[in-house]
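See structure below.
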Amino acid sequence: MIKQGFISDSTLSFSPSRTTTTTFSRLYSPSSSPPPPPPPPPQTQLTESTNPKTRPSQTQTQSSPHHHSTLFEMMSQEQLHEASRPIKSQSRIFKLLSDFKNPSNGGGFSYHGVGPGDVRLTVIGRDGFRVCMDVHKKVLVEKSRFFLEKLARRDKENREMMHMVEISECDDVEVYVEAVVLMYCDDMKRRLLGEDLDKVLALLKVSAAIMFDSGVMSCLEYLEAIPWSNDEEEKVISLLTQLDLHDSAAEVLQRVTSEPSTSTIADDIFLKLLSGVLQAKDDKARREMKTLISRLLREDASGYDNKLDVSKETLYSLCHRCLSSLVLCLSEATCTADSGRDRGAIMAEIAREADNMQWIVDILIDKKMGDEFVKLWADQRELAVLHSKIPTMYRHEISRITAQLCIAIGRGNILVPKDTRFTLLSTWLEALYDDFGWMRRASRSVDRKLVEDGLSQTILTLPLLQQQAILLNWFDRFLNKGNDCPNIQRAFEVWWRRAFIRQYASEPDNSHLQITVCDYPK
């Protein structure tokens with residue numbers, strides 16, 4: 001056996017917590033304990049060719065009509081219930097492998113031009129459930145410094161080899177498969193959108209363990225941009241302190257500490273259709289076509305083939321067009337006497353252009369393309385100044401755009417840096433405060449609680465000192481305006497606890513990594 005666990009057969013085995021005995025050697029960390037006996041043979045296996053309709057058989061217990069279940073029987077039924085839980089995970093894994101194997105389904109994979117897989121990857125759970133997939137050494141060594149060290153060194157022997165990589169004793173097989181698949185993605189940040197926080201934390205831990213740096217950064221960017229519940233906050237802080245990511249995690253930690261951080265033809269058709277709706281003269285027809293096109297775009301996005309989807313460039317060109325029209329309308333409204341135009345007509349145009357903008361922003365958010373618009377809207381200082389000079393009854397539709405963005409940010413549907421989120425509030429929060437009373441009275445479609453929750457969550461994603469400045473200003477305003485001001489007491493309460501009550505302490509990470517790399521000629 002060569003040093004560091006290499007033997008003549010090129011098989012690599014990695015255990016996230018402990019190892020099991022197999023026919024080839026393992027590399028143990030100095031503090032690891034001897035391997036336990038091997039687990040029983042798995043009842044269910046899933047590979048890339050597994051039929052998704054297949055399900056493991058389950059034993060059913062029948063009793064007579066007058067039979068009362070004993071404690072033993074109830075425990076047995078509970079065990080059967082527990083055994084059925086992995087089925088959902090296995091179904092998700094199958095979908096993941098299906099998208100990975102067939103990149104034409106729109107999975108956003110970028111490495112499928114590297115040829116057939118030259119590494120057989122096997123992921124085994126603690127219960128013996130295993131997943132096999134063929135991956136590429138080129139991708140592994142480019143994305144993971146761990147694989148670069150362990151696999152690239154074998155090239156020095158100048159002979160073709162077929163590698164086998166085994167990841168065993170996994171707590172969650174799905175997470176490990178997802179981490180490997182993530183290495184093949186064009187846009188990892190976009191792929192993470194919509195994932196729950198626990199899943200992202202698990203991906204972060206696995207990415208850090210295999211030194212998948214771009215995966216680590218994508219997870220950290222996601223965590224920094226989305227809101228957290230109280231329980232989620234504890235999980236994030238605990239994991240980040242365990243992983244000891246230093247400056248990489250500083251951006252995320254600023255939220256809970258005041259310490260400074262060191263740290264085509266189809267598209268032309270879409271353009272014509274969308275422009276036609278924006279310029280429609282009949283308001284009723286315009287509303288109906290907006291609803292229809294929005295529904296069709298959502299249906300298209302949920303399908304397998306997104307080749308005919310509206311492009312990001314088209315949507316943003318329409319955004320700039322609406323912004324220019326808004327600036328022009330507000331400029332005319334501030335000097336109606338000089339322009340000679342009817343004030344009522346100008347105000348109707350303002351409401352119309354604001355409504356058009358809200359529609360395009362909704363589409364951007366649905367398409368997961370809204371991040372650039374947040375920055376664009378946050379930088380509209382000239383428009384914000386003009387907005388302040390117009391009577392509230394005519395301008396409040398513009399503030400609904402700000403409310404849209406806060407709701408999307410608060411739900412984690414838009415990921416933008418903290419500086420952009422702060423600039424958004426600095427530019428438009430006062431206008432939202434001023435227009436809030438009119439917004440909720442003049443439009444039935446405005447959900448007050450939804451706006452307040454979105455605003456609260458957006459504020460709570462900022463560094464602690466910025467939370468403090470915004471919420472103290474809101475405190476004075478709410479006392480004077482009452483019901484005409486958004487009620488964000490929940491955000492105030494969370495900030496209070498963060499600033500004066502809660503403390504965060506790191507916990508040591510007692511998990512160990514065991515790795516073996518072996519070779520065998522093709």
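The values are calculated or read from the model by the stated rules, or taken from the named source; none is laboratory data. On a predicted model such as this, the values are computed, not experimentally measured, just so you know. With ideal geometry, Cβ positions are generated from the backbone for all residues, glycine too; neighbour counts draw on all protein chains shown. Please note that ligands, DNA and RNA were not included when accessible areas were found on the heavy atoms of the full protein model with its side chains. Shrake-Rupley method; radii C 1.70, N 1.55, O 1.52, S 1.80 Å.
Things to note:
- Leading residue by the ranking (modelled with the lowest pLDDT) among those in region 276-321 that are over 27 Å from Trp377 (Cα atoms), open to solvent by 90 Å² or more (accessible area, probe 1.4 Å) and in a helix (DSSP H, G or I): Glu299
- If you check Val139, Val175, Val135 for being surrounded by 13 or more Cβ atoms within 10 Å (Cβ to Cβ), within 29 Å of the chain's Cα centre (by Cα), at pLDDT 80 or above and closer than 19 Å to Lys205 by Cα, only one passes: Val175.
- Which listed residue is among the β-branched types (Val, Ile, Thr), outside any helix (DSSP H, G or I), within 26 Å of Leu253 (Cα to Cα) and open to solvent by less than 10 Å² (accessible area, probe 1.4 Å), from Ile459, Ile390, Ile414: Ile414
- Among residues of region 434-445, those that are under 30 Å from the mean Cα position of the chain (by Cα) and either at pLDDT 95 or above or not in a helix (DSSP H, G or I) (or both), counted: 1
- Flag if Lys101 is surrounded by fewer than 19 Cβ atoms within 10 Å (Cβ to Cβ) and either at pLDDT 80 or above or hydrophobic (A, V, I, L, M, F, W, C) (or both): no
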